[in-house]
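**Q** Have a look at this one.
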Amino acid sequence: MPLLIEAGQDVTGELAILLPIIISLGLFLMIFGLNYLKSRERMALIERGIELKDSALRDRTSSVLRTSLLFIGVGIGLIIAYFISANTEANGEAIYFPLLFIFGGLGLLVSYIIERKREKIIR
């Protein structure tokens, strides 16, 4: 089997076999790497004397807040894009995507501001 692909050579069979293997291997390595990094972070927190329960709870609530505000922002962006495209002659595709990103980003910004205020109150 030559290492180079010649013009006109059909390689779909080889790709069909290798693609699921590569995807599975990449997914496994990603999960393994994330768990490894999380355990190293936990060990560093333990060495510094920080309680894990408080840190894990704070991370979970901030994640929920961040996700919910992102979805709220995307929903508001969709509603505004719908009203703009329904009431004007504007192209719908050109309006939907920018408004989704703008209002999704605004939702994440609000989440960041809320988390910073909460950290100042806790400290």
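**Q** So how many residues does the range 10-51 have that are outside any helix (DSSP H, G or I) and either under 20 Å from the mean Cα position of the chain (by Cα) or among the aliphatic types (A, V, I, L, M) (or both)?
**A** The qualifying residues number 2.
**Q** Can I ask one more? Do we find that Phe71 is under 23 Å from Lys117 (Cα atoms) and either assigned to a loop (DSSP other than H, G, I, E, B) or of a type outside the set (D, E, K, R) (or both) in this structure?
**A** Spelling it out, Phe71 is indeed under 23 Å from Lys117 (Cα atoms) and either assigned to a loop (DSSP other than H, G, I, E, B) or of a type outside the set (D, E, K, R) (or both).
Read-outs throughout are calculated quantities, based only on the coordinates presented, and are distinct from any laboratory measurement. None of the values given here were measured: they were computed from a predicted structure.
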